[in-house]
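Novice: Starting off with a structure, shown below.
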Amino acid sequence: MTAQFFICLLAIHQAQASELPKKTEVCDLFFTGNIQLHDIPIARTTEQRKKGLSNRQDAGVGMLFSFEPPSIARFWMKDTYVPLSVGFISEEGRLFAIEALVPESEDLHPSTKPIRYALELPKGQFEQHGLGVGAKLIKTTCRLI
């Protein structure tokens, strides 16, 4: 077999690998009061956090944004078409603020203090799940699907 043959096989393998669906990391969130949210996609990288839930017609179950190390973060809704709310979660796991976000708005919503996580949920879902300011995130388990 020639070197060209192996190069051709390598190129085919790389092309097929790039066509495979990318795995998504999702998390199960466990709050005080026996409140649980399951299969929430997580954005860990700067690129993932910038994209967030933008350019979608449906927010699905929402998104968890991770900040390591904890930091002050600002959220906006440019190119985001569905109404959302964002909850800010401290390094200790305390949900300390929930803000309503208006679709396609460029208004900034800062966390006011360093956060470990921000949780974006479709409008009304914090209330529907019984999550309010003061709830504590006690456990997070994440996996690739």
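Novice: Can you work out which of the residues in the stretch 112-132 that are part of a loop (DSSP other than H, G, I, E, B) and of a type outside the set (S, T, N, Q) is nearest to the chain's Cα centre (by Cα)?
Specialist: Per the stated criteria, the residue is Lys123.
Novice: Quick one: which of Ile138, Ile89 is hydrophobic (A, V, I, L, M, F, W, C) and over 14 Å from the mean Cα position of the chain (by Cα)?
Specialist: Result: Ile138 is the single residue among Ile138, Ile89 that is hydrophobic (A, V, I, L, M, F, W, C) and over 14 Å from the mean Cα position of the chain (by Cα).
Per-residue answers, yes or no, for (1) among the hydrophobic types (A, V, I, L, M, F, W, C); (2) free of Cβ contacts under 8 Å to residues at least 12 places away in the same chain; (3) at negative phi; (4) in contact with a Cys (Cβ under 9 Å, 6 or more places away or on another chain):
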| position | (1), (2), (3), (4) |
| --- | --- |
| Lys51 | no, yes, yes, no |
| Ser54 | no, no, yes, no |
| Ala59 | yes, no, yes, no |
| Tyr81 | no, no, yes, no |
| Gly93 | no, no, no, no |
| Phe96 | yes, no, yes, no |
| Lys139 | no, no, yes, no |
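Novice: Given the residues Phe88, Phe65, which is the only one that is outside any loop (DSSP other than H, G, I, E, B), touching a Lys or Arg at 6+ places or on another chain (Cβ under 7 Å) and either over 18 Å from Ala43 (Cβ atoms) or at pLDDT 95 or above (or both)?
Specialist: Going through Phe88, Phe65 in turn, the sole match is Phe65.
Novice: Does the stretch 68-85 hold any residues that are touching a strand residue (DSSP E or B) at 6+ places or on another chain (Cβ under 8 Å) and either within 22 Å of Glu104 (Cβ to Cβ) or outside any strand (DSSP E or B) (or both), and which are they?
Specialist: Matches in the stretch 68-85: Ile72, Ala73, Arg74, Phe75, Trp76, Met77, Thr80, Val82, Pro83, Leu84, Ser85.
Novice: Take the stretch 100-145 and flag every residue that is surrounded by 14 or more Cβ atoms within 10 Å (Cβ to Cβ) and of a type in the set (D, E, K, R).
Specialist: Correct list: Arg116, Glu120, Lys123, Lys136.
The values are calculated or read from the model by the stated rules, or taken from the named source; none is laboratory data. Not measured: the values here are computed from a predicted model. Note that each Cβ is placed from the backbone with ideal geometry, even for glycine, and that neighbours are counted across all protein chains shown.
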